[in-house]
Amino acid sequence: MEIIERIRQFVEDECRKSTSKYGFGPYDSHFVPMVKYAKNLAVEMGADVEIVEIAGWLHDIGSIMVGREDHHVTGAEIASKKLKELGYPEDRIALVSDCILHHRGSQKMESETLEEQIIIEADSISCFDNIVGIFRAALVNEKKNEEEARISVLNKMTNKWNQLRFEKSKERIRPKYEAVRILLER
C-alpha cells in the first residue's frame with residue numbers, strides 16, 4: 001500500500017504545482033472519485049486492485065504535467081518513469097502503463113485486459129459526476145463559446161456512455177446520462 005500512497009501523493013503534488021495545466025481542481029473532482037470507482041469495480045470483478053488503483057491515480061497525469069493532447073502516451077511514459085524510480089516491478093509497470101495508454105476512448109483503442117477496461121469505465125463514470133468541470137474545460141481551457149461548449153460536452157458525455165461495457169456501470173450512470181441528454185440536446 002505504500003506504493004499507492006506515494007503515487008497518490010505524487011499526483012496531488014503535481015496538481016498543486018503552478019505548472020499544472022488544469023490547476024488543483026481535477027485532483028478532487030476527477031482523480032479521487034475516479035480511483036474510488038476503479039477500486040470498487042476491481043473488487044467487484046476480481047481484478048488486480050493494486051494495478052487498477054495505481055493506474056487510476058496516474059491515468060491523467062499526462063494532462064496535468066504536459067497537456068491534454070496525447071496525454072495517454074505522455075501519461076504512460078511519466079508513470080513508467082515514476083514507478084521505476086520507486087522500484088516497482090517491471091512487469092507490473094507494463095500493466096499500469098497499458099491501462100493508461102488504452103484509457104482514452106477518443107483514440108478508439110480496445111482494452112486488452114480487465115484492468116484496462118476498468119480504468120476506461122471508472123474514467124467515464126467519474127465524468128458524469130463532474131459535468132461542471134467538463135464545461136469549465138470546454139469554456140476556459142478550450143476557449144469555446146456557450147453553444148460550442150454545449151455540443152462538446154454532449155458529445156463527450158455520449159462518448160463516455162458508449163465506452164461503458166459493464167452492465168453494472170451503465171446501471172449506475174444511466175439516470176445521469178439521460179439527464180445530460182435532456183438538458184443538452186436541442
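Computed from the coordinates by the stated procedures, all read-outs in this text should not be read as laboratory data. Since the structure is predicted, the reported quantities are computational estimates derived from the model, not experimental observations. Positions of Cβ are backbone-derived with ideal geometry, glycine not excepted, and every protein chain shown enters the neighbour counts.
Summing charges over all other residues whose Cβ lies under 12 Å from the Cβ of Glu14, with Lys and Arg as +1 and Asp and Glu as -1, gives +2.
Taking other C-beta atoms within 10 Å as the exposure proxy, Ile93, Ile64 rank Ile93, Ile64 from fewest upward.
The slack in the chain from Asp70 to Phe24, taken as 0.36 nm per residue of separation less the alpha-carbon distance, amounts to 14.5 nm. Taking a 18 Å limit on the Cα-Cα distance, which of the listed pairs Lys156/Lys176; Lys21/Lys176; Lys36/Lys81 fall beyond it? Beyond 18 Å: Lys21/Lys176; Lys36/Lys81. For the chain, the 222 nm mean residue ellipticity estimated from helices alone, with every DSSP H stretch of n ≥ 4 adding -39500 (n - 2.57) and the total spread over all residues, rounds to -21500 deg cm²/dmol.
Stokes-Einstein diffusion for the chain, with the hydrodynamic radius set to the Kirkwood value over Cα pairs and evaluated at 20 °C in a medium of 1.002 mPa s, equals 129 µm²/s. When the chain is treated as a GNM with alpha-carbon contacts under 10 Å, the residue of Leu58, Leu139, Leu101 showing the greatest mean-square fluctuation is Leu139. Residues Met157, Met65, arranged from fewest to most other Cβ atoms within 10 angstrom of their Cβ, appear as Met65, Met157.
The residues Ser18, Ser111, when put in order of fewest to most other Cβ atoms within 10 Å, stand as Ser18, Ser111.
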